[in-house]
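The structure appears below as structure tokens.
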Amino acid sequence: MSELSVNHLLGIKYLNKKDIQLIFETADHFKEVINRPIKKVPSLRDITIANLFFENSTRTKLSFELAEKRLSADVINFSASQSSVKKGETLIDTVNNILSMKVDMVVMRHPNPGAGVFLSQHIDASIINAGDGAHEHPTQALLDCYSIRERLGEIKGKHVVIVGDILHSRVALSNIYALQLLGAKVMVCGPKTLLPKYIEDLGVKVETDLRKALNWCDVANMLRVQNERMDMSYFPSTREYTKLYGVNKSLLNSLDKEITIMHPGPINRGVEITSEVADSNQAIILDQVENGVAIRMAVIYLLASKIKH
């Protein structure tokens with residue numbers, strides 16, 4: 001039985017290519033499971049998982065919870081926006097309190113980059129990073145790459161453009177790492193104000209013209225503009241942004257090939273993509289959601305198999 005080279009999933013940058021292949025193979029198996037009439041497996045009956053969300057999340061949290069329950073784990077949900085963190089409790093205190101309840105694994109989303117790494121050095125449980133600030137969101141990148149592999153057969157050699165708010169996006173960074181590890185060519189596209197200064201150091205192409213980017217790519221991953229992370233205005237108006245960086249059906253039809261459209265959600269319909277594009281057969285947005293559960297099951301299962309009871 002092959003196993004992961006890591007004891008935590010803190011970011012894609014800590015994984016190697018074999019790890020990702022193992023996660024994908026395991027997800028293939030679980031995808032079959034979640035399409036059966038009885039969708040549960042007893043794999044993790046003796047594992048307790050705490051979901052710690054220090055930032056609001058609907059889709060990622062639901063997806064993790066569903067994955068945990070499909071594996072028959074015991075689940076504790078902890079939403080920090082309503083808890084003692086508001087009263088000034090530190091991250092370590094919060095986690096130690098949860099660990100004293102004998103938790104094996106912690107799925108954590110936190111507004112500060114590196115929070116997962118910090119935790120993993122101080123507590124004795126397996127940590128899964130469900131997003132740390134604008135840094136990484138590893139399971140999202142894994143499910144995105146898995147969805148590309150499912151639609152196009154393989155990732156190696158494919159051209160993928162990530163469009164939009166790269167500066168505030170944890171999805172973008174994790175995707176760049178994962179896609180490059182799997183042999184894809186990556187481009188980022190957006191207004192200059194939303195592209196990080198040192199982005200080219202990551203070995204990605206940079207393009208500010210959306211049509212050129214779409215003509216280059218096989219897959220376009222459309223990010224939402226993260227208004228909640230912006231402390232100032234990075235472009236004149238939403239209307240202006242949509243005019244330059246929004247994808248509609250007529251733009252897609254005018255390209256010289258058919259490309260695949262992805263979106264990590266939640267979609268601002270009519271801003272980065274129109275409803276017509278989101279609901280078209282070129283979009284694999286709902287496949288991404290379904291694959292998210294299978295990928296998270298795979299990650300949890302593989303990490304749990306390394307926990308010594």
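Any chance you could count how many residues in the range 241-289 are assigned to a loop (DSSP other than H, G, I, E, B) and charged (D, E, K, R)?
Taking the range 241-289 first, the residues assigned to a loop (DSSP other than H, G, I, E, B) are 246, 248, 254-259, 263-268, 270-272, 274, 279-282, 284.
Still in the running and charged (D, E, K, R): 256-258, 272, 279.
Of the residues in that region, 5 qualify.
From V75, V103, which residue is closer than 30 Å to L286 by Cβ and at pLDDT 90 or above?
Details: V103 fails: closer than 30 Å to L286 by Cβ.
Just a single option satisfies the conditions, and that option is V75.
Can you work out which of the residues in the range 23-55 that are farther than 21 Å from E290 by Cβ and out of contact with any strand residue (DSSP E or B) (no Cβ under 7 Å at 6 or more places or on another chain) is surrounded by the most Cβ atoms within 10 Å (Cβ to Cβ)?
D46
G131 fails exactly one of the following numbered conditions: (1) assigned by TED's automatic domain parsing to the domain that holds E68; (2) of a type outside the set (A, V, I, L, M, F, W, C); (3) assigned to a loop (DSSP other than H, G, I, E, B). What is the number of that condition?
Against the list (1) assigned by TED's automatic domain parsing to the domain that holds E68; (2) of a type outside the set (A, V, I, L, M, F, W, C); (3) assigned to a loop (DSSP other than H, G, I, E, B), G131 comes up short only on (3).
In the range 225-247, what count of residues is obtained for those that are modelled with pLDDT under 60 and closer than 20 Å to E276 by Cα? Before the answer, list the steps.
Going residue by residue through the range 225-247, those that are modelled with pLDDT under 60 are 228-232.
Keeping just the survivors that are closer than 20 Å to E276 by Cα gives none.
Here the count works out to 0.
Among the residues of the range 51-68, is any part of a loop (DSSP other than H, G, I, E, B), of a type in the set (K, R) and either assigned by TED's automatic domain parsing to the domain that holds R296 or modelled with pLDDT of 90 or more (or both)?
If we filter the range 51-68 for residues that are part of a loop (DSSP other than H, G, I, E, B), which is where we start, we get 54-58.
Retained after the next criterion (residues that are of a type in the set (K, R)): none.
No: zero hits.
When both residues are 6+ apart or on different chains and their Cβ atoms are under 8 Å apart, which pairs have a first residue that lies in the range 41-65 and is without any contact (Cβ under 8 Å) to a residue 40 or more places away in the chain, and a second that is surrounded by 13 or more Cβ atoms within 10 Å (Cβ to Cβ) and part of a strand (DSSP E or B)?
E65/N51; E65/V75; E65/N77
I'd like the full set of residues that are of a type outside the set (A, V, I, L, M, F, W, C) and touching a strand residue (DSSP E or B) at 6+ places or on another chain (Cβ under 8 Å), limited to the range 119-145. Reasoning before the result, please.
Filtering the range 119-145 down to residues of a type outside the set (A, V, I, L, M, F, W, C) leaves 120-122, 124, 126, 129, 131-133, 135-140, 144.
Scanning the range 119-145 gives S120, S126, N129, G131, D132, G133, E136, H137, P138, T139, Q140, D144.
The values are calculated or read from the model by the stated rules, or taken from the named source; none is laboratory data. This is a predicted model, so every value here is computed, not measured. Here Cβ is always computed from backbone atoms with ideal geometry, including for glycine, and neighbour counts include all displayed protein chains.
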